[in-house]
Amino acid sequence: MIHSLKSHWSGLLLRGWSVLGLGLGVAVLAVACHAWLPWGNSTPTNPAVTLTNLVDPAQAWDFTPQPDRFSPQALLDLRFLNEAVAGQSGFIRRSDNGQDFVTGAGQPIRFWAVNTEIWKSNPSAMAEHARFLAKRGVNMVRWHGQIPSPSSKDDLNAINLTARDQLWRLVAAMKQEGIYTTLSPYFAAALPLQPEWPVPRDSDTMMGLLFFDPVVQAAYKDWWRALLEPVNPYTGLALKDDPAVALLQLQNEDSLLFWTLERLKGRDLDLLLARYWDWLMTKYGSLDRILVAWQQSSIEGDNPSQGRLRLAHIWELTQSPPVDGAHRSRLPLGQNSKDTGRAQRLADQTEFLTTTMMDFHRAMVEFLRQEIGVKALINANNWKTADTTRLNDAERYGYSPGDVMAVNRYYGGLHTGQYSGWAIVAGDRFTDPSVLFQPNQLPTNLKQVSGYPMVITESSWVPPLSYQSEGPFLVSLFQSLTGVDGFYWFQLNQPQWRSPDSANGYLPSLGKWIADTPELLGNFPAAALIYRQGYVQTGTPVVEEHRPLEALWQRQAPLISEESSFDPNRDQQLPKGQSLTQTGVHPLAFLVGPVQVSYGRDRTQSKVMDLSPYLNPRRKTLTSITGEITWDYGQGLCLLNSPKAQGATGFLQARGAIKLRDLTITAGNPYATVMVVAMDGQPLPQSEKILVQVGTTARPTGWQQKPVEWTDEQGNRQKGYEVVSYGAPPWQVANTDMLLELNHAAIQRAQVLDMNGMVQADIPLQRHGQVVSLRLPPKAMYVLLSSR
């Protein structure tokens, strides 16, 4: 479940480009001016829109598209955005400043990406899937597999040969459609343990062991060798030599700075504690010096005479430091010296856990590069920590031996029920918040590490959310604005569209982790085109934070922190009594422009842009530093106003006529998304080929829900819905009710396209001087405007 507690942000808005002194971070936190955000500990709702998530069957259409046969007559096909063959000019690499991706030929490239399970299918399905994705703007897929052998008869070092063959076929199929592949071969949390394995010894999971256990690390190297070195019979290239393989992820979602550290038990924990002892002795030189530095601070189970010092519970690392490590010399006379000792002990633990992970990442990058000869880019990890504010910078610093930073971040509401981690069944309860009312929760709100590309390797607007068409629109805009280099939707498992069906094939239910649906996948084309073609400007950084390493170890609050990410399967509620840290820069700075951080740097060089021209908390509005994006989070409306792409998402009807640079939108839909995008790279008034794409809401046929209130496990009162019926195929898509007026002297024709980009019919246009107007068809998502 997501955290029910949201941080109250308060502090000092820094004016202009300020040079931050050593003490300013503390001063900022000490000034409690007012809460930055209009919401607190509960999910914000707008009473006027609480029922717009329902789809009226009398005002909806059956989503039953014909299979795409990829006719050359299709007028909407984005295959041209991809290379003829993925990797045709060489391996994907980093730009000269390290911040972005370029092709082998040095051309900038961004990734509109998906997680797909089609690799479990047959070769013809993979080829069909690849062509289907390329047509809709996708140029990267992620193979999120599990390479250790699942057989109880195999030893730990063996791999899953079937999975490898499926991966080989996937890479070959995607390559032919200009789609790159990301490899994610190891997920400790989901690894089925085998009784014959020597690990784990006394724990009930493999979580954490890879960072320090030599037995696991030896097997891990064998897995990579067996995966990367043999020749792929379907391409004639080993994966290590194939430039269609763009990115390797060392692992998925594991960290010593997460709550799962507490699951290490017995001999597994002893192994880590022995390493901790050696690390401390290297740092301090003797036990006496350790104890002096710690002021005799002790933890139950310490046994110094036997070379054993325990780790504090991870909860302690989420708390305010007992003493600000950067200002110990300023302690008032008489302050308990044990506070300083405890602070140092916790700082040492944070440094040890971080550098243990970092050492592993460094060693594995060296192994892959030097022993195997890998040329693809490498990402160390994509997870989070027990406390986003106090520990995330340490986590990201631990990734720095790799080439790419990554994170998994979803958007969703509360969802409770017996199978809520993976399925939707009758009786489940859920909240249905649009992110347009809570912009601090947008997954792309990331503090990017300077000099590294940043990708989000798993994300979605997670069902049973109904407000989904906003997702591709917002991701496209804010990735473009902030320079995030790739977003992987989670997940697809059909060659083309997925109908509402069982989550696992037999349980009467609706699948939860699905993105091959009308309002997500259906809204890809315009969003992918905008993002990949650079139709929205990237802004200049609005925050450049510099953090000395000691600040990470002491877990001092940064200038700005991301919100805790959403993962309903493994998130834990904040332990009772956990503090809510306030930081000094408005959290919506992420939506104004790029926010960057550098580690091991002098904090006095940090810079914060004057945000006051862009943020108006009283009116609940924000504007990007480029001026192309505006967001009214009081009314739930985000607008795009760039030369080559314009549009809106949210609760359109309530606004009335929405006037943009060259476009006016008048919607009868309470909630919808519309994008108007040039397909020829020209400003809209000069473009000869313009895509109009509209999304509304969709539910399975027969979906029923009722309003309900309940008290969650943490004692918070929740208001939402109960699933009465999860429905059946096909999807019901709410009709479009929208009038568009476009400033364009030459548009002569409007053609309704089906879901495969094929012409269905012409629709009439009205002209008033330089303005052409059209009423969008109620039962279609795509219209093509042309000048001939």
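The values are calculated or read from the model by the stated rules, or taken from the named source; none is laboratory data. Keep in mind that this is a model prediction, so the values were computed, not measured. Every residue, glycine as well, gets a Cβ built from its backbone with ideal geometry; the counts of neighbours run over all protein chains shown. Surface areas here come from the heavy atoms of the whole protein model, side chains and all, with no ligands, DNA or RNA. Shrake-Rupley method; radii C 1.70, N 1.55, O 1.52, S 1.80 Å.
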Filter pass, Arg788 being in a loop (DSSP other than H, G, I, E, B), basic (Lys, Arg) and more than 32 Å from the chain's Cα centre (by Cα): yes
With surrounded by fewer than 20 Cβ atoms within 10 Å (Cβ to Cβ), within 18 Å of Thr696 (Cβ to Cβ) and not charged (D, E, K, R) as the only criterion, which of Pro730, Pro764 stands out? Pro730
Filter the stretch 256-291 down to residues that are of a type in the set (Val, Ile, Thr) and either touching a helix residue (DSSP H, G or I) at 6+ places or on another chain (Cβ under 9 Å) or modelled with pLDDT under 95 (or both) and give me whichever is nearest to Met357 (Cα to Cα). Thr260
Which count do you get for residues in the stretch 519-559 that are at positive phi and surrounded by fewer than 24 Cβ atoms within 10 Å (Cβ to Cβ)? 1
Residue pairs, Cβ under 7 Å, 6 or more apart or interchain, first in the stretch 77-95 and open to solvent by 60 Å² or more (accessible area, probe 1.4 Å), second not aliphatic (A, V, I, L, M). List them. Ala84/Gly178; Arg94/Phe101; Arg94/Asp403; Arg94/Pro453
So which pairs qualify, if the first residue must be in the stretch 456-475 and hydroxyl-bearing (Ser, Thr, Tyr), the second must be in a helix (DSSP H, G or I), the Cβ gap must be under 7 Å, and the two must be at least 6 apart or on different chains? Ser469/Asn523
Just give me the residues in the stretch 168-191 being under 30 Å from Gly208 (Cα atoms) and open to solvent by less than 10 Å² (accessible area, probe 1.4 Å), in sequence order. Leu170, Val171, Tyr180, Thr181, Thr182, Leu183, Ser184, Pro185, Tyr186, Ala188
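Quick grid of which residues meet (1) surrounded by 18 or more Cβ atoms within 10 Å (Cβ to Cβ); (2) out of contact with any Ser or Thr (no Cβ under 8 Å at 6 or more places or on another chain); (3) of a type in the set (S, T, N, Q):
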position	(1), (2), (3)
Glu628	yes, no, no
Gly634	no, no, no
Leu639	yes, no, no
Tyr671	yes, no, no
Val692	yes, yes, no
Gly702	no, no, no
Gly715	no, yes, no
Here is a check on your reading of the model: is Val677 more than 29 Å from Ile424 (Cα to Cα) and within 28 Å of the chain's Cα centre (by Cα)? yes
Mind listing whichever residues of the stretch 221-251 are of a type in the set (A, V, I, L, M, F, W, C) and assigned to a loop (DSSP other than H, G, I, E, B)? Ala244, Leu250
By residue number, the members of the stretch 641-659 that are open to solvent by 20 Å² or more (accessible area, probe 1.4 Å) and either in contact with a Phe, Trp or Tyr (Cβ under 7 Å, 6 or more places away or on another chain) or in contact (Cβ under 8 Å) with a residue 12 or more places away in the chain (or both) are Asn641, Pro643, Lys644, Gln653, Ala654, Arg655
Which of the residues that make up the stretch 213-242 are open to solvent by less than 20 Å² (accessible area, probe 1.4 Å) and more than 21 Å from Asp155 (Cβ to Cβ)? Asn232, Ala238, Leu239, Asp242
Considering residues of the stretch 710-740 that are aliphatic (A, V, I, L, M) and under 16 Å from Ala423 (Cα atoms) only, the residue nearest to the chain's Cα centre (by Cα): Val723
The residue that is nearest to Leu250 (Cα to Cα), considering only those in the stretch 130-158 that are aliphatic (A, V, I, L, M) and touching a Lys or Arg at 6+ places or on another chain (Cβ under 9 Å), is Ile147
Is there a residue being among the small types (Gly, Ala, Ser), in a loop (DSSP other than H, G, I, E, B), buried (at least 22 other Cβ atoms within 10 Å of the Cβ) and in contact with a Ser or Thr (Cβ under 9 Å, 6 or more places away or on another chain) anywhere in the stretch 435-455? no
For the stretch 583-662, list the strands (runs of 3 or more DSSP E) that sit wholly inside it and hold at least 2 residues that are closer than 30 Å to Ser687 by Cβ; which are they? 621-623, 629-632, 637-641, 645-650
Among residues of the stretch 411-422 being part of a strand (DSSP E or B) and surrounded by 22 or more Cβ atoms within 10 Å (Cβ to Cβ), the residue nearest to the chain's Cα centre (by Cα) is Tyr411
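Each row is one residue, and each column tells you yes or no for (1) closer than 22 Å to Thr388 by Cα; (2) touching a His at 6+ places or on another chain (Cβ under 9 Å).
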{"site": "Thr416", "(1), (2)": "no, no"}
{"site": "Ala423", "(1), (2)": "no, no"}
{"site": "Gly427", "(1), (2)": "no, no"}
{"site": "Gly451", "(1), (2)": "yes, no"}
{"site": "Ser459", "(1), (2)": "yes, no"}
{"site": "Ser476", "(1), (2)": "no, no"}
{"site": "Leu492", "(1), (2)": "no, yes"}
Considering only residues that are part of a helix (DSSP H, G or I) and open to solvent by 40 Å² or more (accessible area, probe 1.4 Å), which ones fall in the stretch 257-275? Glu262, Arg263, Arg267, Asp270, Leu271, Ala274, Arg275
Of these, Leu663, Leu652, Leu684, Leu637, which one is out of contact with any Pro (no Cβ under 6 Å at 6 or more places or on another chain), hydrophobic (A, V, I, L, M, F, W, C), at pLDDT 95 or above and under 19 Å from Gly534 (Cβ atoms)? Leu684
Test Ala394 against the stated conditions and say whether it is in contact (Cβ under 8 Å) with a residue 12 or more places away in the chain, crowded, with 23+ Cβ neighbours inside 10 Å and either part of a strand (DSSP E or B) or in contact with a Cys (Cβ under 8 Å, 6 or more places away or on another chain) (or both). no
Tell me, yes or no, whether the stretch 357-371 has at least one residue that is surrounded by 24 or more Cβ atoms within 10 Å (Cβ to Cβ) and touching a Leu at 6+ places or on another chain (Cβ under 9 Å). yes
Residue hits (the stretch 672-707; outside any strand (DSSP E or B), farther than 11 Å from Lys644 by Cα and touching a Leu at 6+ places or on another chain (Cβ under 7 Å)) are none
Per-region count, the stretch 733-761, residues in a strand (DSSP E or B), under 16 Å from Val676 (Cβ atoms) and open to solvent by less than 40 Å² (accessible area, probe 1.4 Å): 7
Test result for Leu280, under 34 Å from the mean Cα position of the chain (by Cα) and surrounded by 17 or more Cβ atoms within 10 Å (Cβ to Cβ): no
Evaluate the following for Asp254: is it of a type in the set (Asp, Glu) and either farther than 30 Å from Phe101 by Cβ or not in a loop (DSSP other than H, G, I, E, B) (or both)? no
